[in-house]
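**Q** Got a structure here, written out as structure tokens. Questions coming.
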Amino acid sequence: MIWTPVLLTLKLAAVSTAVLLVLGTPLAWWLARSRVWWKEAVAALVALPLVLPPTVLGFYLLIALGPNGPGGVLAAAWGARSLAFTFAGLVIGSVVFSLPFVVQPIRNAFEAIGDRPLDVAATLGASPLDRFLTVAIPLARPGLLTAAVLGFAHTVGEFGVVLMIGGNIPGKTQVLSIAVLEMVETLQWRQAHLLAGGMVVFAFAVILAVSLIERRSREQRP
């Protein structure tokens, strides 16, 4: 059924984006505010998926999530052998692969805030957590929104990583990009056109949305 990979992809993108924001926001805050010398090494590690071939990243994730890796230990908790070729494995792979697309916009937004708003909040008695939640987060909202859009869109468009760690199991791990490949291989041109055309429209909408968010953010700056 043509809608099965669509719904699975949207579910994967939604779950992965939520996890990415939860993990990426504090990480971006630390990268933006920390003065330790080795923070750029951490930033480079986060950015690795930008330059690594997806199949290379997928290969090492497959080993990590397999029965002999840490993923096998976690899967054993509920009686499974591996996190590879499961939806949970797809989420983990998607989070790792899309992390730089979420962390970098949020880090840029935090760095653009500067010290003054946080210093003013501190003089009024705000704790570090209060300053983060009530000052930094609201001021960085455009960056957070951009990160959410990019993280969601990048997950929708994944191919190499999800193929390596999820394979092509209909209804379980067969996402949009893999479904298009299978339809082309089996000469289902009409269905392939529908899915591929939908992804083109989606990609255009994402690029337009990010551009509008950035434009609005620039207009709101003093």
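The values are calculated or read from the model by the stated rules, or taken from the named source; none is laboratory data. No experiment lies behind these values; they were computed from the predicted model shown. For neighbour counting, all protein chains shown are included, and Cβ atoms are generated from backbone atoms with ideal geometry for every residue, glycine included.
**Q** Is it the case that the range 179-187 has a residue that's closer than 18 Å to Ser94 by Cα and crowded, with 21+ Cβ neighbours inside 10 Å?
**A** So in the range 179-187, the residues closer than 18 Å to Ser94 by Cα come out as 179.
With the extra rule that they be crowded, with 21+ Cβ neighbours inside 10 Å, the set shrinks to 179.
The answer is yes, given that some residue of the range 179-187 is closer than 18 Å to Ser94 by Cα and crowded, with 21+ Cβ neighbours inside 10 Å.
**Q** Regarding Ala14, is this residue out of contact with any strand residue (DSSP E or B) (no Cβ under 6 Å at 6 or more places or on another chain), surrounded by fewer than 14 Cβ atoms within 10 Å (Cβ to Cβ), small (Gly, Ala, Ser) and without any contact (Cβ under 8 Å) to a residue 40 or more places away in the chain?
**A** Values: out of contact with any strand residue (DSSP E or B) (no Cβ under 6 Å at 6 or more places or on another chain): yes; surrounded by fewer than 14 Cβ atoms within 10 Å (Cβ to Cβ): yes; small (Gly, Ala, Ser): yes; without any contact (Cβ under 8 Å) to a residue 40 or more places away in the chain: no.
Considered against the rule, which asks whether it is out of contact with any strand residue (DSSP E or B) (no Cβ under 6 Å at 6 or more places or on another chain), surrounded by fewer than 14 Cβ atoms within 10 Å (Cβ to Cβ), small (Gly, Ala, Ser) and without any contact (Cβ under 8 Å) to a residue 40 or more places away in the chain, Ala14 comes out as no.
Per-residue answers, yes or no, for (1) modelled with pLDDT under 90; (2) part of a loop (DSSP other than H, G, I, E, B):
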| site | (1), (2) |
| --- | --- |
| Tyr60 | no, no |
| Gly72 | yes, no |
| Ala75 | yes, no |
| Arg81 | yes, yes |
| Leu90 | no, no |
| Val95 | no, no |
| Ser98 | no, no |
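**Q** Would you point out the residue of the range 104-157, among those that are part of a helix (DSSP H, G or I) and of a type in the set (Ser, Thr, Tyr), that is nearest to Thr9 (Cα to Cα)?
**A** At the first step, the residues of the range 104-157 found to be part of a helix (DSSP H, G or I) are 104-113, 116-123, 128-139, 141-156.
So of that shortlist, the ones also of a type in the set (Ser, Thr, Tyr) come out as 123, 134, 146, 155.
On the way: Thr123: 47, Thr134: 34, Thr146: 20, Thr155: 8 Å.
The residue in question is Thr155.
**Q** Pick from the range 24-47 the residues that are of a type in the set (D, E, K, R) and part of a helix (DSSP H, G or I): which of them is surrounded by the fewest Cβ atoms within 10 Å (Cβ to Cβ)? Break it down stepwise before answering.
**A** As a first pass, look at the range 24-47 and keep what is of a type in the set (D, E, K, R): 33, 35, 39-40.
Now restrict to residues that are part of a helix (DSSP H, G or I): 33, 39-40.
Values: Arg33: 17, Lys39: 14, Glu40: 11.
Filtering the range 24-47 for residues that are of a type in the set (D, E, K, R) and part of a helix (DSSP H, G or I), the one surrounded by the fewest Cβ atoms within 10 Å (Cβ to Cβ) comes out as Glu40.
**Q** From the list Val56, Val91, pick out the single residue that is in contact with a Leu (Cβ under 7 Å, 6 or more places away or on another chain) and of a type in the set (A, V, I, L, M, F, W, C).
**A** Details: Val56 fails: in contact with a Leu (Cβ under 7 Å, 6 or more places away or on another chain).
Going through Val56, Val91 in turn, just one is in contact with a Leu (Cβ under 7 Å, 6 or more places away or on another chain) and of a type in the set (A, V, I, L, M, F, W, C): Val91.
**Q** Answer yes or no as to whether Leu21 is modelled with pLDDT of 90 or more and in a helix (DSSP H, G or I).
**A** So Leu21 fits the description; yes.
**Q** Suppose the filter is hydrophobic (A, V, I, L, M, F, W, C), at pLDDT below 85, part of a helix (DSSP H, G or I) and touching a Leu at 6+ places or on another chain (Cβ under 7 Å); does Ile213 pass it?
**A** Criteria met by Ile213.
**Q** If Leu52 satisfies every condition in (1) aliphatic (A, V, I, L, M); (2) in a helix (DSSP H, G or I); (3) within 30 Å of Leu7 (Cβ to Cβ) but one, which is the exception?
**A** For Leu52, the failing item is (2).
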